[in-house]
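Chemist: Submitted below is the structure of interest, expressed as structure tokens.
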Amino acid sequence: MRAVAGEAPASGLLAGLNSPQQEAVTHGDGPLLILAGPGSGKTRVITRRIAWLVLERGVRPGEILAITFTNKAAGEMRDRVLAMLPSRGLWIGTFHGMCARILRSEIELLNGPESTGTGAYTRDFTIYDTSDRNELIRKLLKEANYDAARFKPSMVGAWISAWKNQARGAGVQEAQPEDGEGIEHEVLVRVRRLYEAAMRANNALDFDDLLLKVLELFEHRPGVRDAYASRFRHVLVDEYQDTNRVQYLLTRHLSSFHGNLAVCGDPDQSIYAWRGADIRNILDFERDFGAAAVVRLEQNYRSTGNILAAAQAVIQRNRARKEKRIWTSAAEGPKVAVLRSSDENEEARAIAEEIRGRIAAGRSPDEFAVFYRVNFMQRAIESAMRLAGVPYQVVGGLEFYARREIRDLIAYLKLVVNPSDEIAFRRAVNTPQRGVGEKSLDAIARWAADRRTSLLAAARSEEGLALVRGRARAGLAAFAGLMERLAPLADAPAAVAMAQLVDEIDYAAWMAQMDDESGVDREANVEELLAHAAEYDRRAEAAPGEDRAAGGLRGFLQDVALVSDVDGMEEGAPRATLMTLHSAKGLEFPTVFIAGVEEELLPHVRSLIEAEGPDPDAGVEEERRLFYVGITRAKERLVLTHARTRLHFGQESFRSPSRFLAELPPGVVEGGGTDEDPDEEEPGEEEVLGAYEPGPVSVQLKVGDRVEHDHFGRGTVERLQGSGVNARATVRFVSAGERQLLLQYARLRRLGEGGR
DNA sequence: AAATCCGCGTTTTTT
DNA sequence: ACGCGGATTT
């Protein structure tokens, strides 16, 4: 297949690509920036490029590093590359996955020469998720006698994390732009110190540490950095607009040897500023990496004309933006539907019913997706789907791995692999109950801390055990004995370890006893966990050393820590997908519903509050990008829904339609009031809907327009807020100053360009 | 040390 | 409304 006319493989790789796409695929050496609009075939370009490098440039797969944003994206990319070539040795994964892998072999280099034995990192380190982190911080705060009410662990943790994301050290000198809300800077600095020390003692790393430690490694050990940098002849980073400072620096290091860095992204889809993503990384790429080639992918192959027009109109409202034109040659397709319901259950029901109807008409369930801004909206939608009999799956959200029984078992396994893990110890030691209470734990914890050893070691030693009496002592001894027996499992395959653990601690009995009416199928969850472990083993077997660290229990635990959304489970019948707008990035579906397109929900309240700072609109603009991301996932049909009232904190709250609805161009929108209960509707409400319907003046107003008012005279539109009844414009009048006007009442006339 | 009760915050978004 | 952590009982 390769012999024909030399060019054959290349033309195969380039088949069906437009010219900028081809340019990106066949870019040779040096930095490359791919600005890729939604649906522009970005993934295709990246995967083809990898194949092209291997097949045409003779690059070995092991010399290529491809970094994606999520595990899901990584898996997809791997599959697609695998379909084109044997990609053995290729590194594809997230920043976190890659760093964990590097640290598995290099972390011991981070222990200073003086550190001896205890308090040192080993390759068996465990990864703490956010709740592990918070638990540890809670403990530290308590030990340091801080008021638990004032210093909430999650708050403190979030601030520490924010620091780390900006690559700030633990030094006191490094002032932060802001202290935590109501938390003094010195407190944060102190707690962070304690935290770092405790993490080291526990041989544990949190998500931020994974990146930061590798950065530290690269900076303190140029030899190590060069080893990796020279190994990777080509580095590709996807979703570059969402990288933070640390990731940027890592990228620099990794590409420092060969200089072959290709990044791909879209500033309009930057939706992670809240967790430290810095959009400047992509905006400044050309400057940072001199002489970068720039390719723009602007043709959209995904969505119909109407959907794209809606997307384009919305995103153009952002001021902080580089103009980019996305276009399509596809047909206009159906109009974008806007659906109003009386409350969140009606909304959910309307969505589920519509999906059910279309399935009945022959569509497949997996053609449908429902997006929402916040996780709590999942509930109503889920129950409506169940009621309507629509098969569905929830991506991310309330984690499988967050469940009690799952966390219990994982804690045991973590402890088996890493006996220093105090958080795991504390969790495991008393489930099932062994009569070991806090007093006893504190006693041996102090003993252990004095000797710079672990709780488990304390529980094993005569001396440590002597500190407690009675039931607690027996319990500790029993636990230590149990862990002794379990120790060999550290080197077993994940499923074997898991099964033996469940057996040893008689977890079935424990669950049965624990089963206090709540009726959750804990056993089913444990079964599922076992299945996951078995699946992991199977894959590790099939691709030894591919992307996963070690295989076995260690590898499994790492995967569990890093794969938060259960990305698998696609086997079986096709299902509709429920997820947050954030998780939706990078995906596409024939029909997309976006629920809760309401003020304070789609521009989320939190984004509205931060109305000061250098850019008061930054928050809303990020929300708008999020909306844009959601819209552009739809291939054929887009339905936007909102409710008039919604249960919030257990009580009814009245909602108004999102300002974003008013930004949709008149021509592409269909419907508006499809209330299930027309009787309830107050007369005249239809006009209110007009605020985002084609027609009334409000949709035609833009910031900057010159307008005339009967009473106030001429002025300029400064801001537009609200929608529906609440649609308001702030207008600066020539002689009457700044006024807020309710568009429903104010009769504003727009003046032609130049003020006719 | 375990069981029960009470009050409060929760709801951005994820690796 | 609900779950969790903390306080209060037993």
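Chemist: Would you mind putting A:402-409, A:88-95 in packing order, based on average other-beta-carbon counts within 10 Å, highest first?
Modeler: Descending packing order for the listed peptides: A:88-95, A:402-409.
Chemist: Any chance you could check the Cα centroid distance between segment A:37-107 and segment A:267-315 for me, in angstrom?
Modeler: Using only Cα atoms, the two centres lie 21 Å from each other.
Chemist: Of A:K142/A:K164; A:K164/A:K322; A:K164/A:K213, which sit over 19 Å apart, Cα to Cα?
Modeler: A:K142/A:K164; A:K164/A:K322
Chemist: Could you tally the net charge around A:Y628, taking each other residue with its Cβ under 12 Å from the Cβ of A:Y628, Lys/Arg +1 and Asp/Glu -1?
Modeler: Charge balance in the 12 Å sphere: +1.
Chemist: Let me ask something additional. Of the GluC sites (Glu not before Pro) in segment A:1-110, which ones lie in a loop per DSSP and count no more than 12 other C-beta atoms within 10 Å?
Modeler: Those that pass, being in a loop and sparsely packed, are A:E7.
Chemist: Right, something else. Which lysines, on any chain, are close to A:K324 with Cα under 18 Å apart, when same-chain ones fewer than 8 places away are left out?
Modeler: Straight-distance partners of A:K324: A:K42.
Chemist: Could you work out how far apart the two model spin labels at A:Q651 and A:S19 are, taking each label as a point 7 Å from the Cα in the direction of the beta carbon, and quote it in nm?
Modeler: My value for the distance between the label points is 6.4 nm.
Chemist: Related question: Write down the radius of gyration of segment A:446-504 and its Dmax, each obtained from C-alpha positions, in Å.
Modeler: Both quantities, over Cα of segment A:446-504: 13.5, 37 Å.
Chemist: Please express the Cα-Cα pair-distance distribution P(r) of segment A:239-396 as a list of whole percents, one per 10 Å bin, running from 0 to the bin with the greatest distance.
Modeler: In order of increasing distance, the bins hold 8, 25, 28, 24, 12, 3 percent.
Chemist: How high is the FRET efficiency between A:E541 and A:R319 when r is their beta carbon distance and R₀ equals 41 Å, given to the nearest 0.05?
Modeler: Efficiency, rounded to the nearest 0.05: 0.15.
Chemist: From a point 7 Å beyond the Cα of A:D615 in the direction of its Cβ, which residues of segment A:270-294 have a backbone N at a distance under 19 Å?
Modeler: Residues A:270-288 fall inside that zone.
Chemist: I've got another one for you. Please list the equivalent ellipsoid semi-axes of segment A:597-666, computed as the square roots of five times the alpha-carbon gyration tensor eigenvalues, in descending order and whole angstrom.
Modeler: 21, 20, 10
Chemist: Ok, one more. Roughly what would the spin-label model give for A:D506 and A:D284, points 7 Å off Cα along C-beta, in nm?
Modeler: Using points 7 Å along Cα→Cβ, the separation is 6.2 nm.
Chemist: So if we plug the beta-carbon distance of A:R451 and A:R231 into 1/(1 + (r/R0)^6) with R0 = 45 Å, what FRET efficiency do we get, rounded to 0.05?
Modeler: It comes to 0.65.
Chemist: So, R0 is 41 Å and r is the distance between the beta-carbons of A:L387 and A:R469; what FRET efficiency does that work out to, to 0.05?
Modeler: 0.15
Chemist: Which ³J(HN,Hα) values, rounded to whole Hz and listed in residue order, are derived for segment A:308-325 from phi using the Karplus coefficients 6.51, -1.76 and 1.60 in 6.51 cos²θ - 1.76 cosθ + 1.60 with θ = phi - 60°, glycine and proline given as x?
Modeler: 5, 5, 4, 4, 5, 4, 5, 5, 5, 6, 6, 8, 7, 6, 8, 4, 8, 9
Chemist: How do A:587-600, A:428-441 rank on mean C-beta neighbours within 10 Å, highest first?
Modeler: Going by the mean number of other Cβ atoms within 10 Å, highest first, we get A:587-600, A:428-441.
Chemist: Another question, then. Report the full-extension gain for the segment A:E438 to A:R485: residue separation times 0.36 nm, less the Cα-Cα distance, to one decimal in nm.
Modeler: The A:E438-A:R485 span can extend by a further 14.4 nm.
Chemist: In whole Å and largest first, what semi-axes does the C-alpha gyration tensor of segment A:56-137 yield when each eigenvalue is scaled by 5 and square-rooted?
Modeler: 33, 18, 8
Chemist: A further question on this structure: Multiply the residue separation of A:A293 and A:R193 by 0.36 nm, subtract the distance between their alpha-carbon atoms, and state the gained length in nm to one decimal.
Modeler: 31.7 nm
No value in this document is a laboratory result; all are computed from the given coordinates. Here the structure is a predicted model, which means the values were calculated and not measured. In this analysis, Cβ positions are derived from the backbone assuming ideal geometry, glycine residues included, and neighbour counts consider all displayed protein chains.
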